[in-house]
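**Q** This is the structure I want to talk about, given as structure tokens.
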Amino acid sequence: MDKKTDWRIVSLTHDYSSNKIHKYFDKRISDLEKAAVSISPTMNKRDLAHEVASAVGYSEKRTLGLYGSGSYHHMTYGLCRIARSLSEGFTYIHIDNHNDGNYDPSELSCDAFVNNLVEDGFAKNIILVGSYHPLASTYVNDFDFRKYPQDVIPKILKQVKTNDVYISIDLDVMEDKEVSTSMFYSRGTMKKETLLDLIEGIKSKKRIISADILGYTWSLFPSMNSKSKKLYEDISRAILGEEEWKLHLR
């Protein structure tokens, strides 16, 4: 039955941590879609975009993509290809402790895909939150959040030249106590409240056409696993909004 939702929630399953995220949301979301994606740590960008687009599928609804390890952040390239069909031009907002801005014109990897989003015409411009990128219209880092929290959101919104935005959130931007993520990548210091405020600020002025959340890596500590999954849920609720979120619950 169609609940007349504006969003679809899709879990991309390709690694152990992603499957854990899928199981968590599958118990809560009645219409959760599962996309079995097969990609490698480095991949020809045409093949990657085709794989993700084929697994997730095109839809008139906005897509919230959920997956695990940041080692596969380049799947966002494929999700942005899908989102492009919903907008005449969107700004890509990259919330991550790394800029993922190494460049290869043919292959993509977790640290080399952001440049391609603009150069291949998927996004109009880039906003970086948590790291610096030379192609970005602007960037804000941890210092900005700690020292000038009241200025951060207006600074970001001033540089967003489109009405539509795509948001990608790698949870390694968060401080250690907030989430379990890979020990192989450096961590940021963002607090949960800051991230949720940022999402609400963007939503107040712009239209989120699609988004994704990633970065969880399974932990030996059950309490951290539970906290990490709850963080995914709280971010998802913030992106969709409470009324839309309730339409998806079991």
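The values are calculated or read from the model by the stated rules, or taken from the named source; none is laboratory data. Computed from a predicted model, the values in this text were never measured in an experiment. Glycine also receives a Cβ, built like all others from the backbone with ideal geometry; neighbour counts cover every protein chain displayed.
**Q** Among the numbered criteria (1) at negative phi; (2) in contact (Cβ under 8 Å) with a residue 40 or more places away in the chain, which single criterion is violated by residue 215?
**A** (1)
**Q** Identify, from the list 101, 70, the residue that is surrounded by fewer than 24 Cβ atoms within 10 Å (Cβ to Cβ) and within 28 Å of residue 183 (Cβ to Cβ).
**A** After ruling out the rest, the residue left standing is 101.
**Q** Another question about this same structure. Go through the stretch 182-211 and give me each residue that's among the polar types (S, T, N, Q), under 17 Å from the mean Cα position of the chain (by Cα) and in a helix (DSSP H, G or I).
**A** Across the stretch 182-211, the qualifying residue is only 194.
**Q** Another question, then. Identify all residues within the stretch 27-49 that are part of a helix (DSSP H, G or I) and within 19 Å of the chain's Cα centre (by Cα); write none if there are none.
**A** Hits for the stretch 27-49 are 45, 48, 49.
**Q** Out of the stretch 1-26, which residues are in contact with a helix residue (DSSP H, G or I) (Cβ under 7 Å, 6 or more places away or on another chain), among the hydrophobic types (A, V, I, L, M, F, W, C) and part of a helix (DSSP H, G or I)?
**A** 21
**Q** Modelled with pLDDT under 95 and among the charged types (D, E, K, R): which single residue out of 34, 27, 4 fits that description?
**A** 4
**Q** While we're looking at this one, here's another question. Report, by residue number, each residue of the stretch 191-218 that is over 26 Å from residue 5 (Cα atoms) and buried (at least 23 other Cβ atoms within 10 Å of the Cβ).
**A** If the condition is that a residue be over 26 Å from residue 5 (Cα atoms) and buried (at least 23 other Cβ atoms within 10 Å of the Cβ), then 215, 216, 217 are the ones that fit.
**Q** Follow-up. Does at least one position in the stretch 212-227 carry a residue that is among the charged types (D, E, K, R), out of contact with any Cys (no Cβ under 9 Å at 6 or more places or on another chain) and part of a helix (DSSP H, G or I)?
**A** Within the stretch 212-227 (the criterion being among the charged types (D, E, K, R), out of contact with any Cys (no Cβ under 9 Å at 6 or more places or on another chain) and part of a helix (DSSP H, G or I)), the answer is yes, since at least one residue qualifies.
**Q** Here is a follow-up. If you go through the stretch 232-249 one residue at a time, do you hit one that is over 13 Å from the mean Cα position of the chain (by Cα), over 26 Å from residue 74 (Cα atoms), among the hydrophobic types (A, V, I, L, M, F, W, C) and part of a strand (DSSP E or B)?
**A** yes
**Q** Tell me which of these residue 89 doesn't satisfy, since it passes every other one: (1) touching a Lys or Arg at 6+ places or on another chain (Cβ under 6 Å); (2) over 28 Å from residue 245 (Cα atoms).
**A** (2)
**Q** Please determine whether any residue of the stretch 74-82 is of a type outside the set (D, E, K, R), under 18 Å from residue 206 (Cα atoms) and modelled with pLDDT of 80 or more.
**A** Within the stretch 74-82 (the criterion being of a type outside the set (D, E, K, R), under 18 Å from residue 206 (Cα atoms) and modelled with pLDDT of 80 or more), the answer is yes, since at least one residue qualifies.
**Q** List the pairs whose first member sits in the stretch 65-86 and is in contact (Cβ under 8 Å) with a residue 40 or more places away in the chain and of a type in the set (A, V, I, L, M), whose second member is crowded, with 24+ Cβ neighbours inside 10 Å and assigned to a loop (DSSP other than H, G, I, E, B), and whose Cβ atoms are under 7 Å apart, counting only residues at least 6 apart or on separate chains?
**A** 75/67
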